[in-house]
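Peer 1: Before I ask anything, here is the structure I am working with.
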Amino acid sequence: MPIPTRHFDALIIGAGGAGLNAALQLAGAETSVAVVSKVFPTRSHTVAAQGGVNAALANVLPDNWHWHMFDTVKGSDYLGDQDAIEFMCREAIPTVYELEHAGVPFSRLDNGKIYQRAFGGQSQDFGGDQAARTCAAADRTGHAILHTLYQQNIRAKTHFFDEYFALDLVRDKEGVISGALVLEIETGEPLLIEAKATLLATGGCGQVFRTTSNAHINTGDGCAMTLRAGIPLMDMEFYQFHPTGIAGKGLLITEGVRGEGGFLVNKDGERFMERYAPRAKDLASRDVVARSIVTEVKEGRGAGENADYVLLKLDHLGADVIDKRLPGIRESSRIFAGADPIREPIPVFPTAHYQMGGIPTDRFGRVVIPARYGSEEIISGLYAAGECACASVHGANRLGGNSLLDILVFGRLAGKDIIEYVRANPHRRETDPASLEQAMARLTRWERTGDGVPAHQLKAEFRKCMEDHAGVFRTEEVMAEGYGKLCELRERFKDARLADQSKVFNTARIEALELENLIDVGLAIAVSALNRKESRGAHSRPDYPSRDDINWMKHSLYYRDGDRLDYKPVRTKPLTVESFPPKERVY
Amino acid sequence: MKISVYRYNPDVDKKPRMQTYEVRPVQGMMLRDALLEVKKQDESFAFRHSCGEGVCGSDGVNVNGKNCLACITPITELKEPIVVRPFPGRPVIRDLVVDMTQFYEQYRAVKPYLIRTDSFPEREITQSPEDRDQLDGLYECILCGCCSTSCPSFWWNPEKFLGPAALLQAWRFLADTRDQATDERLDALDGPYKLFRCHTIMNCVDVCPKGLNPTRAIGRIKDLMLEKGL
């Protein structure tokens, strides 16, 4: 039976901040656009972003985009591409105003302007005093932004495919991406969506790790689809562990707590960040704070019965500030840690949070790969934006408040570029039956019955393996052992089976498809990490404790085929200003 | 601990049934964790869930007769046997998964987006902290549907009565000093059903997992209508 087919100018996979901001540009330009999302759009994980979005509005303290750029380059441990970073920091300002005009209920200052708070790694005047750059809607900024973007898409009459799961990209006879094969979760039936341009905006892959701030849905789907299409993933070894997850649970406690004046203490009540980052203290970069917490616990200064966490103290801020600026945190802490932060500290430990790497793109969201000759080659009609993409603006470590910014700026730009692309390439592309068959095989593979290990069992094993072997500190020995286990898991997965063969809303089947994605992305992280023999940003190796700019100031590119690695240079030349040369990174 | 869940898979079941599972309670366990344990025992059991922290609004269910978000409901607060059913009044797709189409349609019907006729300033539209405070208790809605699906007026007239979630959002935009479509919004809510079918039963307030108060918002809309002489 032929697979039903729909045609659009543009296909967007993912309905978080990046996908919805791109969709809004396209809908406004009368380009027909389909947004495919495996959950109802407001359930996308952008909703969980708490602290805010960075833009040098200078509403509270003096600021300008060039300082923001410096902080981002330094935060990236000089692995970020400076042209993309300059672009993002300049665009931040109109982007936030545009959001405000769209209706985002930002918190306000007495003069009626958008409230901005201090966040980690922010400075005035290129490394001077603390800046206040993070625009916030209390501690629910992501929720406020995602709902506003969805609302504006309702107004723009964007066409949504809610609760459709993307199986794989498909190509035409020439090898150009012609859309994607998707699965309607409710009926369990496949649908081919053909489009002239396809944007991957599928978010992160936090479910790779056992303890994570990420939602159940963050399974690296777009990244895995890219790998299967033969395109590499870039800088996947750089995975951010957020310093303050609720201990034992992994739920996020925003950096905004420390931005508002909260601080970390060990079991002796010592404000230990003073030792690790004498100047910025608790507002040092996330990689620095996460390592400090793990070190405190390893050296026996952890709090609690098992001495396995530290404490985040904020009672001194007073009930008024907490209820006004951090109401969501108070709620989460009471529910999940049993601690009311107005009176007692929150037990915290680093939690897997954010992938700095992803699908390599230029600053227009176009997917790029190294060319045989010359610098880079654009993959015609394929775009990526948001956490799944790597522009690269975060390099080896992302600053808090730059992720909402990244998804909004590059989602918007990708949308605008797709409009141009579709105008220049108006012809419909016909999917090659062989490509479609390959994508369908991903689904029919689960129709095999008989003996085999249940998929969900492998998932738990896989996530623990990633946590044990690709965590905050990584040595050759630990990582090599982890890689071995992962290869074995990848083999065993081939024999995994589903007991439930029904079609209607079969979540076991969706989870099995997601696990396949997770394993592919987990291997990208493990292989890239094992091969990078230096410490830079979030990639911290006790056996290679220093940054090595001579040999390693380059981006990793991981190919699924043969777990192969390639490298490409960092773009150190900004668009209009002087380059920031690598310096020792102290906070 | 015994947990009894509603099971219905249209592929194989002629009619729905309740199925009981034994789950070992652990400290800090939420209802979602218990449902995940059930799924471990029986992968054919389906329910929606995602963030696990009460912000995405996916896992609204009816437990022991009351709607709640599974991920922020501690099992220690629930009396045994724990009986978990899908939201009342919605067509069941499978197990705890219900069809929320109508709920979303009612949301879209209130034009839940900022409308301005003035041109935009170069910077932000300014808004005083006091004016911004008017949006607290409104914008935090996560569209989980706990309120509307526990509202008798919504059960009886889901096509005509907009329901508490949509009306809360209607007031969220009426209350926003930046919005310039007050008359248009009020006109659209006029008539005996859309707004006025609310009989202040207040189930919505009772079940809202975010502590919001749709009944009060509905009252404010009615007050504003009177004030405008509609």
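Peer 1: Can you list the HN-Hα couplings for the stretch A:131-145, worked out from phi with the Karplus curve (6.51, -1.76, 1.60; θ = phi - 60°), rounded to whole Hz and with x for Gly and Pro?
Peer 2: Taking θ as phi minus 60°, the curve returns 9, 10, 10, 9, 6, 10, 10, 6, 10, 10, 5, x, 4, 4, 6 Hz for the stretch A:131-145.
Peer 1: Which residue, A:243, A:262, A:341, has the largest displacement toward the positive end of the dipole of the stretch A:243-350 when charges sit on each Cβ (Lys, Arg +1; Asp, Glu -1)?
Peer 2: Highest projection toward the positive end goes to A:243.
Peer 1: From largest accessible area down, sort A:65, A:552, B:156; use a 1.4 Å probe on the protein chains.
Peer 2: Sorted by accessible area, descending: B:156, A:65, A:552.
Peer 1: Where only protein heavy atoms count, and the probe is 1.4 Å, what is the accessible area per residue for the stretch B:61-194 in Å²?
Peer 2: Per residue, the stretch B:61-194 has 39 Å² of solvent-accessible surface.
Peer 1: While we're here: For each cysteine in chain B, check whether another cysteine's C-beta sits under 4.7 Å from its C-beta; list those where none does.
Peer 2: B:68, B:71, B:141, B:144, B:146, B:151, B:198, B:208, each lacking another Cys Cβ under 4.7 Å.
Peer 1: Which value, in debye to the nearest 20, describes the size of the charge dipole of the stretch A:243-350 about its Cα centre when Lys and Arg Cβ atoms bear +1, Asp and Glu Cβ atoms bear -1, and nothing else is charged?
Peer 2: The calculation lands at about 220 debye.
Peer 1: What's the buried accessible area, both sides, between A and B using a 1.4 Å probe, rounded to 100 Å²?
Peer 2: Rounded to the nearest hundred, the buried surface is 4900 Å².
Peer 1: Between residue A:377 and residue B:131, what's the calculated FRET efficiency when r is the beta-carbon distance and R0 is 56 Å? Round to 0.05. Can you show the working numbers first?
Peer 2: On the way: r = 52 Å, r/R0 = 0.92.
FRET efficiency, residue A:377 to residue B:131: 0.60.
Peer 1: Can you give me the Cα centroid spacing of the stretch A:430-478 and the stretch A:195-209 in angstrom?
Peer 2: Measuring centre to centre over Cα atoms gives 16 Å.
Peer 1: Still on this structure, I have one more. Express the relative contact order of the stretch B:1-79 as a whole percentage, based on alpha carbon pairs under 8 Å and six or more residues apart in sequence.
Peer 2: Relative contact order comes out at 25 percent.
Peer 1: Mind grabbing the accessible area of residue A:53 for me, 1.4 Å probe, Å², rounded to tens?
Peer 2: In the full protein context, residue A:53 sits at about 0 Å².
Peer 1: If one takes the longest principal axis of the Cα atoms in chain B, at what angle in degrees, from 0 to 90 and to the nearest 10, does the Cα axis of helix B:214-227 lie?
Peer 2: Computed tilt is about 20 degrees.
Peer 1: If you don't mind, another one. Within 10 Å, count the other beta carbons around each residue, average over each peptide in B:89-97, A:405-413, and list them highest first. Before the final figure, lay out the partial values.
Peer 2: Working: B:89-97: 20.6, A:405-413: 28.2.
Result, highest mean first: A:405-413, B:89-97.
Peer 1: A follow-up question, please. Roughly what angle does helix A:433-444 make with the longest principal axis of chain A, taking Cα atoms, 0 to 90 degrees, to the nearest 10?
Peer 2: 60 degrees
Peer 1: Tabulate in residue order the Karplus-calculated ³J(HN,Hα) for the stretch B:62-78, using 6.51 cos²θ - 1.76 cosθ + 1.60 with θ = phi - 60°, rounded to whole Hz; enter x for Gly and Pro.
Peer 2: 10, 10, 6, x, 10, 6, 7, 8, 4, 6, 10, 10, x, 5, 5, 8, 10
Peer 1: Related question: Using only Cα atoms, locate the centre of the stretch A:91-157 and the centre of the stretch A:486-563, then give the distance between them in Å, rounded to an integer.
Peer 2: The stretch A:91-157 and the stretch A:486-563 have Cα centres separated by 33 Å.
Peer 1: For the stretch A:243-350, which whole-number percentage of the solvent-accessible area (1.4 Å probe, protein heavy atoms only) is attributable to carbon and sulfur atoms?
Peer 2: Here carbon and sulfur together make up 46 percent of the probe-accessible area.
Peer 1: Moving on to the next point. Order the following by accessible area, largest value first: A:71, A:162. Probe radius 1.4 Å; ligands, DNA and RNA are ignored. It would help to have the intermediate numbers written out before the result.
Peer 2: Details: A:71 5, A:162 50 Å².
Largest to smallest exposure gives the sequence A:162, A:71.
Peer 1: Identify, among A:191, A:160, A:449, the residue whose Cα sits farthest towards the positive end of the charge dipole of chain A, taking +1 on the Cβ of Lys and Arg and -1 on the Cβ of Asp and Glu, with the dipole about the Cα centre.
Peer 2: In chain A, that residue is A:160.
Peer 1: Is the protein assembly as shown rounded, prolate or oblate when judged by the Cα gyration tensor, a ≥ b ≥ c being the square roots of its eigenvalues, rounded requiring a/c under 1.5 and prolate requiring a/b larger than b/c?
Peer 2: rounded
Peer 1: On to the next question. What does the helix-only formula give at 222 nm for chain B: each DSSP H stretch with n ≥ 4 adding -39500 (n - 2.57), the total divided by the residues, and the result rounded to the nearest 500 deg cm²/dmol?
Peer 2: Taken over chain B, the calculation gives -8000 deg cm²/dmol.
Peer 1: Moving on to the next point. On the protein heavy atoms, probe 1.4 angstrom, tell me the percent of accessible surface of the stretch A:35-145 carried by carbon and sulfur.
Peer 2: 50 percent
Peer 1: Could you sort the residues of the stretch B:64-81 by number and keep only those whose accessible area is reduced by 30 Å² or more in the all-protein-chain setting relative to the chain alone, 1.4 Å probe?
Peer 2: Flagged in the stretch B:64-81: B:72.
Peer 1: Taking Cα pairs under 8 Å and at least six residues apart, what relative contact order does chain A come out at, in percent?
Peer 2: Value for chain A: 22 percent.
Peer 1: What's the magnitude of the charge dipole for chain B around its Cα centre, counting Lys and Arg as +1 and Asp and Glu as -1 at the beta-carbon? Answer in Debye, nearest 20.
Peer 2: It works out to roughly 860 debye.
Peer 1: Restrict the search to the stretch A:148-208; then list the trypsin sites (Lys or Arg not before Pro) that DSSP places in a loop and that have at most 15 other Cβ atoms within 10 Å of their Cβ.
Peer 2: Working: sites: A:155, A:157, A:171, A:173, A:196; in loops: A:157, A:173.
In loop regions of the stretch A:148-208 (DSSP not H, G, I, E or B), the sparsely surrounded trypsin sites (Lys or Arg not before Pro) are A:157, A:173.
Peer 1: With only Lys, Arg, Asp and Glu charged, each at its Cβ (+1 for the first two, -1 for the last two), find how big the charge dipole of the protein assembly as shown is about the Cα centre; round to the nearest 20 debye.
Peer 2: The calculation lands at about 900 debye.
Peer 1: Rounded to the nearest 500, what is the 222 nm mean residue ellipticity of chain A from helices alone, with -39500 (n - 2.57) per DSSP H run of 4+ residues and division by all residues?
Peer 2: -10500 deg cm²/dmol
Peer 1: With r defined as the distance between the Cβ atoms of residue A:434 and residue A:499 and R0 fixed at 30 Å, what FRET efficiency is calculated, to the nearest 0.05? If you can, show how the numbers build up before the last one.
Peer 2: Details: r = 31 Å, r/R0 = 1.04.
So, using R0 = 30 Å, E works out to roughly 0.45.
Peer 1: Follow-up. Could you work out the relative contact order of the stretch A:243-350, using alpha carbon pairs under 8 angstrom and six or more residues apart, expressed as a whole percent?
Peer 2: Details: 175 pairs, mean separation 38.6, N = 108.
Contact order relative to length: 36 percent.
Peer 1: Which pairs break 21 Å Cα to Cα here: A:196/A:573; A:464/A:494; A:267/A:298; A:249/A:464?
Peer 2: Exceeds cut-off: A:196/A:573.
Peer 1: At a 10 angstrom cut-off on C-beta neighbours, averaged per residue, how do the peptides A:183-194, A:422-433 rank from highest to lowest? Show your work: numbers first, answer last.
Peer 2: Details: A:183-194: 18.7, A:422-433: 13.7.
The packing order, highest mean first, is A:183-194, A:422-433.
Peer 1: Enumerate the amide H contacts of residue A:189 below 5 Å, restricted to partners 5 or more residues apart or on another chain; note that Pro and chain-start residues carry no placed amide H.
Peer 2: A:184
Peer 1: So, one more: Taking loop as defined by DSSP and a crowding limit of 15 other beta carbons within 10 Å, which GluC sites (Glu not before Pro) in the stretch B:138-230 fit?
Peer 2: B:159
Peer 1: With the Cα gyration tensor of the stretch B:90-150 giving a ≥ b ≥ c as the square roots of its eigenvalues, does the rule (a/c under 1.5 for rounded; else a/b larger than b/c for prolate; else oblate) give rounded, prolate or oblate? Let's see the in-between values first.
Peer 2: Working: a/c = 3.92, a/b = 2.29, b/c = 1.72.
Because a/c hits 1.5 or more and a/b exceeds b/c, the stretch B:90-150 counts as prolate.
Peer 1: Set Lys and Arg Cβ to +1 and Asp and Glu Cβ to -1, take the dipole of the stretch A:548-587 about its Cα centre, and tell me which of A:574, A:551, A:587 lies farthest positive.
Peer 2: A:574
Peer 1: Another question about this same structure. Rounded to the nearest 10 Å², what accessible area does residue A:83 have for a 1.4 Å probe in the complete protein model?
Peer 2: For residue A:83, solvent-accessible area is about 10 Å².
Peer 1: Provide the per-residue ³J(HN,Hα) series for the stretch A:501-508, in order, calculated from phi with Karplus coefficients 6.51, -1.76, 1.60 and θ = phi - 60°, each as a whole number of Hz, with x at glycine and proline positions.
Peer 2: 9, 6, 9, 5, 6, 7, 6, 5
Peer 1: Further question: Heavy-atom accessible area per residue, chain A, 1.4 Å probe: how many Å²? All intermediate terms of the calculation are to be shown ahead of the outcome.
Peer 2: Numbers: 19470 Å² over 587 residues.
Here the per-residue accessible area is 33 Å².
Peer 1: Something else about it: Can you compute the modelled spin-label distance between residue B:42 and residue B:201, with each label point 7 Å from Cα toward Cβ, in nm?
Peer 2: Taking the simple label geometry, residue B:42 and residue B:201 are separated by 3.0 nm.
Peer 1: Compute the long axis of helix A:476-493 from its Cα atoms, compare it with the longest principal axis of the Cα atoms of chain A, and write down the angle in degrees, 0 to 90, nearest 10.
Peer 2: In chain A, helix A:476-493 runs at an angle near 30 degrees to the longest axis.
The values are calculated or read from the model by the stated rules, or taken from the named source; none is laboratory data. This is a predicted model, so every value here is computed, not measured. Neighbour counts are summed over all protein chains in view; Cβ atoms, including those assigned to glycine, are modelled from backbone coordinates with ideal geometry. Accessible surface is based on the protein model in full, side chains and every heavy atom, while ligands, DNA and RNA are left aside. Shrake-Rupley method; radii C 1.70, N 1.55, O 1.52, S 1.80 Å.
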